[in-house]
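Here is the structure we will look at.
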Amino acid sequence: MKEGNMGRLADVVNRCHGVDVGEEQENLLMKDLHAIMHINETMNLTRILSEEGGMVLHLEDSLTGLPFVEAAPEGRYADLGTGGGFPGIPLCIMTGRDTLLVDSVQKKVRALKGVADELGLSDKVDIYAGRIEDLAREHPGEFAVLTARALSALGSLLELASPLLKKGGRLVCYKAQPTDEEVATALGIQELVGMTLLERSDFTLSDGSTRCIFVFEKTAKPRIKLPRRIGLAQRDPLQPR
């Protein structure tokens with residue numbers, strides 16, 4: 001880490017979002033960012049190429065979801081469509097939860113497992129290279145909390161998450177600025193898939209960009225059979241009845 005950035009991440013996320021980051025945690029977070037940036041030189045994990053940008057748009061953004069993940073029941077955590085491992089690895093660092101990084105691109109998750117091992121998280125981080133629907137068939141109801149960052153429309157995320165979550169489990173969705181239509185569709189199907197919106201939190205990152213987080217709870221069994229066939233959640237999303 002550049003000397004001028006020592007302590008900066010911790011200061012920013014505490015001042016802007018009320019999240020406390022210890023010195024050892026900050027060191028691991030920055031090592032994670034640097035490892036991803038290094039891998040990105042030969043593999044497309046992120047479009048953000050600078051440390052400054054990564055600190056805000058990957059680390060700070062990831063940590064805004066920490067209070068919602070901490071409020072979820074105890075148990076296993078999965079980051080859906082993890083991409084470059086954000087927010088999955090940062091939230092593992094901060095919470096110590098057993099973490100599953102889920103992505104359909106095998107070479108990406110293999111690289112992320114190497115990063116986790118390098119950070120001393122080999123006993124906490126595992127990977128799943130495959131589709132979310134297949135994961136739900138193999139491990140139904142096994143997860144206490146899921147995150148999804150800029151992955152898909154809210155309604156599609158509710159459908160994909162529901163069969164993975166145990167009752168009382170939480171889905172934490174990171175979004176930029178969803179349209180009113182997207183939000184209305186999600187709220188219109190939440191009972192159908194056994195989910196309930198707990199809260200929406202709107203906030204601003206330190207660079208001035210706006211974000212929001214939606215937290216849903218698994219409150220009942222879905223009224224339809226889930227998961228549906230692979231890809232239907234995005235290609236033919238459920239609609240309010």
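The values are calculated or read from the model by the stated rules, or taken from the named source; none is laboratory data. All values reported here derive from a predicted model rather than from experimental measurement. Virtual Cβ from ideal backbone geometry, glycine too; neighbours counted across all protein chains shown. Accessible surface areas use protein heavy atoms only, side chains included; no ligands, DNA or RNA. Shrake-Rupley method; radii C 1.70, N 1.55, O 1.52, S 1.80 Å.
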Notebook entry, point to check: If you take every DSSP beta bridge whose two residues both sit in the chain, what share of them, in percent to the nearest 5, is antiparallel?
Noted result: 45 percent
Note to self: Explain nothing, just the number: dipole magnitude of the chain about its Cα centre with +1 on each Lys and Arg Cβ and -1 on each Asp and Glu Cβ, in debye rounded to the nearest 20.
What the structure shows: 1140 debye
Check: What 222 nm value per residue comes from the helices of the chain, counting each DSSP H run with n ≥ 4 as -39,500 (n - 2.57) and dividing by all residues, nearest 500 deg cm²/dmol?
Finding: -10000 deg cm²/dmol
Next item on the list: Work out the FRET efficiency for R241 and D207 from their Cβ-Cβ distance, taking R0 = 45 Å, and round it to the nearest 0.05.
Entry: 0.65
Margin query: Please enumerate, by chain and number, the aspartates and glutamates with C-alpha under 18 Å from the C-alpha of K113, excluding those fewer than 8 residues away in the same chain.
Written below: D32, E41, D79, D98, D103, D123, D126
Notebook entry, point to check: ³J(HN,Hα) across segment 128-142 via Karplus (A = 6.51, B = -1.76, C = 1.60, θ = phi - 60°), whole Hz, x for Gly/Pro?
Noted result: 9, 9, x, 7, 4, 4, 5, 4, 5, 6, 7, 9, x, x, 8
Margin query: Considering only protein heavy atoms and a probe of 1.4 Å, how much of the accessible area of the chain is carbon and sulfur, as a whole percent?
Written below: 47 percent
Note to self: If I take R0 = 25 Å and measure r between the Cβ atoms of D98 and C16 in this structure, what FRET efficiency does the formula 1/(1 + (r/R0)^6) give, to the nearest 0.05?
What the structure shows: 0.30
Notebook entry, point to check: Which of the aspartates and glutamates could a cross-linker bridge to K225, judged by Cα under 19 Å and excluding same-chain residues fewer than eight apart?
Noted result: E133, D134, E138, E142, E159, E191, E217, D236
Notebook entry, point to check: Relative contact order of the chain: what whole-number percent is it, with Cα pairs under 8 angstrom and at least 6 residues apart?
Noted result: 16 percent
Note to self: Out of the GluC sites (Glu not before Pro) in segment 23-102, which ones are loop residues according to DSSP with at most 11 other C-beta atoms within 10 Å?
What the structure shows: E41, E74
Item checked: Proximal lysines to K218, defined as alpha-carbon separation beneath 25 angstrom and excluding residues fewer than eight positions away on the same chain -> K124, K166, K167, K175
Item checked: Simple Cβ-charge dipole of segment 129-222, Lys/Arg +1 and Asp/Glu -1, about Cα centre, in debye nearest 20 -> 300 debye
Notebook entry, point to check: What is the Cα centroid distance between segment 1-60 and segment 169-241, reported in whole angstrom?
Noted result: 27 Å
Check: Distances over 15 Å make up what percent of all Cα-Cα pairs in segment 25-99?
Finding: 52 percent
Notebook entry, point to check: Arranged from highest to lowest average of other beta-carbon atoms within 10 Å per residue, in what order do the peptides 200-213, 84-97, 116-129 appear?
Noted result: 84-97, 116-129, 200-213
